[in-house]
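The values are calculated or read from the model by the stated rules, or taken from the named source; none is laboratory data. The model shown is predicted, which means the values in this text are computed figures rather than measured ones. Ideal geometry is used to build each Cβ from the backbone, glycine not excepted, and the neighbour counts take in all protein chains shown. Accessible surface areas use protein heavy atoms only, side chains included; no ligands, DNA or RNA. Shrake-Rupley method; radii C 1.70, N 1.55, O 1.52, S 1.80 Å.
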Amino acid sequence: MTRGKLIWPALMVAAALAPSAAAVGVYFNGGLASFGDLETEVALRGFLWKNYEDLGASYWIGGGFVVPAWRYPAKVSPSLELVTDVGFSSQAKELEIEPLRGYELSFKVIPVRENVIFGVAVGPAKPFVGFSAGVAVVPWKVTGILSGVEIDSQTEVKAALGIPFGCEFRLTPNLALGARAEYLIITGEVTPELPYEYVRTFMPDSFLLTGVARVDF
């Protein structure tokens, strides 16, 4: 086989696998954050108890900056995007479990994450799934319900991991709307400095369900 016959198939493969030009974009999302159980460990006299208390749901607002990394243009078009994402939520809960009964825990969650998103565009629809990793800034405080006195407050910075997924629909070449969900894990504990050395309190996981508006440039 001549050199020309070898080069031509190689160029065809390279052209097929090369990333196509795509615009960077920004998106904004808002919706619900459903928090998991607040887990509290109580160790006393050689025994260990674990208590779980539902923290309920709250709002979620956020946004991100999208950088296309790779796309294969076709009728069914797979793509890979890198996304910088930030969000915000807050919640307050009167604690019922001992020995924290009579206190209110209020906290904010501000996660900043880098996402790798894989999508498959079919017509105007593009379902996607990915993985995110970063940190979550969690300011929180514990207040006596009857006294109104702040017992303890701290700002934690914890590792955060997430699994985002959803689907967006392209309305115009520069505008897309969609739905995004994410299972968000915030690691570590947020134990109040109460006079109970045998108590440890851990951050709850959360499930996010939001609507998304994306603009490309």
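The selection criterion, being exposed (fewer than 14 other Cβ atoms within 10 Å of the Cβ), modelled with pLDDT of 90 or more and over 25 Å from Leu44 (Cα atoms), holds for Pro124. Please determine whether any residue of segment 111-118 is farther than 21 Å from Ala176 by Cα, of a type in the set (Phe, Trp, Tyr) and part of a strand (DSSP E or B). No, segment 111-118 has no match at all. Name the single residue that is least open to solvent (accessible area, probe 1.4 Å) among those in segment 88-120 being touching an Asp or Glu at 6+ places or on another chain (Cβ under 9 Å) and among the small types (Gly, Ala, Ser). Within segment 88-120, the match that is least open to solvent (accessible area, probe 1.4 Å) is Gly119. Residue selection: Thr84 satisfies the criterion of being among the polar types (S, T, N, Q), touching a residue at least 24 places away in the same chain (Cβ under 8 Å), open to solvent by 40 Å² or more (accessible area, probe 1.4 Å) and part of a strand (DSSP E or B).
Here Thr172 clears all of (1) within 30 Å of Ser79 (Cβ to Cβ); (2) touching a residue at least 24 places away in the same chain (Cβ under 8 Å); (3) more than 20 Å from the chain's Cα centre (by Cα) except the condition numbered (2). A Cβ distance below 8 Å, combined with a sequence gap of six or more or placement on separate chains, defines the contacts here; from segment 138-164, residues that are free of Cβ contacts under 8 Å to residues at least 12 places away in the same chain reach residues that are part of a strand (DSSP E or B) and open to solvent by 50 Å² or more (accessible area, probe 1.4 Å) in the pairs Glu150/Lys141. State whether one or more residues within segment 184-206 are part of a strand (DSSP E or B), small (Gly, Ala, Ser), under 22 Å from Ser79 (Cβ atoms) and in contact (Cβ under 8 Å) with a residue 24 or more places away in the chain. Within segment 184-206 (the criterion being part of a strand (DSSP E or B), small (Gly, Ala, Ser), under 22 Å from Ser79 (Cβ atoms) and in contact (Cβ under 8 Å) with a residue 24 or more places away in the chain), the answer is no, since none of the residues qualifies. Residues in segment 155-178 that are touching an Asp or Glu at 6+ places or on another chain (Cβ under 8 Å) and within 22 Å of Phe35 (Cα to Cα) were compared, and the one that is surrounded by the fewest Cβ atoms within 10 Å (Cβ to Cβ) is Ile163.
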